[in-house]
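Structure, as structure tokens:
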Amino acid sequence: MTIGPVTVSLPIADRPVSYRFYREALGFEPLGEPAEDGVPEPLQFAVNDGLRLMLIPSGGFGWVIGGHEVAPRGRSECLLAFEADGEAGVDAAVRRARDAGGEVVTAPGPQPWGYAGVFADPDGHVWMVTPRA
């Protein structure tokens, strides 16, 4: 089976805050035309050729998933991960996330599995950064 781009959707509290965070912290470029608030609707980013990230306000997210519950803030259902250029790239990515309003969950450094840093976006979604092999 072949599928087109995969879209990871995350619930958010504030569209402009999330829009700014993902542009500043990760350099993601949004898809689509701006809505009245200046943020594209839907708020979606092309991460690469096969992956998109869609950020959906919590009320709309609940509507999309029906009666299924979303993990409360501070509990993670998934860990999003990406690679950076070396340990310095990991350090820089976590620093950019912090400077853009994210929370450093695990400071960059040696972990039992290798060098890594972990940050949370303004809605608590957790991202891990490791050096490219």
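The values are calculated or read from the model by the stated rules, or taken from the named source; none is laboratory data. Just so it is clear, the structure is predicted and the values come from calculations on it, not from any experiment. Cβ sites come from the backbone with ideal geometry, for glycine too, and all protein chains shown count toward neighbours.
Tell me, yes or no, whether the range 92-107 has at least one residue that is in the same structural domain as residue 125 (by TED's automatic domain parsing), surrounded by 13 or more Cβ atoms within 10 Å (Cβ to Cβ) and among the polar types (S, T, N, Q).
yes
Taking the range 89-133 as the search range and keeping residues that are farther than 19 Å from residue 55 by Cβ and in a loop (DSSP other than H, G, I, E, B), which one is modelled with the lowest pLDDT?
133
Scan the range 73-131 for residues that are among the aromatic types (Phe, Trp, Tyr) and either more than 13 Å from residue 26 (Cβ to Cβ) or touching a Pro at 6+ places or on another chain (Cβ under 8 Å) (or both) and jot them down.
113, 115
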